[in-house]
1. Only loop residues by DSSP count here, and only those with at most 10 other Cβ atoms within 10 Å; note down the trypsin sites (Lys or Arg not before Pro) in segment 1-84 that meet that.
2. Note the full-extension length gain between residue 1 and residue 42 as 0.36 nm times their separation in residues minus their Cα-Cα distance, in nm to one decimal.
3. Please list 3J(HN,Hα) in residue order for segment 67-75, calculated via the Karplus relation 6.51 cos²θ - 1.76 cosθ + 1.60 where θ = phi - 60°; whole Hz, with x for glycine and proline.
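Since every read-out is calculated from the coordinates, none of them should be taken as a lab result. Small disclaimer: the values here were computed from a predicted structure and weren't measured. Every residue, glycine as well, gets a Cβ built from its backbone with ideal geometry; the counts of neighbours run over all protein chains shown.
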Amino acid sequence: MPIYEYKVIPAPTRGRKAPGFKTPEARFALGLEDMLNIMGQDGWDYQRSDILPSEERQGFTSSHTVYRSVLVFRRETVVSVDPANEAGTTPSEVEPRGLK
């Protein structure tokens, strides 16, 4: 069974100027396409985009909710095989990075 690692990055908010792309929609699509291609070159597979709430401070005593658009990618991780344990590392033995 494959084990995956995930990467979540902010979605682009502006497009990229290029010859032949005149409308804001076309420029935005080009910027998004560039980001997807860069991540794909590094082995990341695009999964989905999400809009998630983020509570942020506003002044000293209050906060407000801002909605952020993010892109979710995943790629298969390499499972290390211990010579003593030919079956390799099981998913229950793998600890997520940064969640200690």
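1. Numbers: sites: 7, 14, 16, 17, 22, 27, 48, 57, 68, 74, 75; in loops: 14, 16, 17, 22.
Taking segment 1-84 and a limit of 10 other Cβ atoms within 10 Å, the loop trypsin sites (Lys or Arg not before Pro) found are 14, 17, 22.
2. Values: separation 41, 0.36 × 41 = 14.76 nm, distance 2.20 nm.
Stretched out fully, the residue 1 to residue 42 stretch lengthens by 12.6 nm.
3. Residue by residue, segment 67-75 yields 9, 10, 9, 10, 10, 10, 10, 9, 8 Hz.
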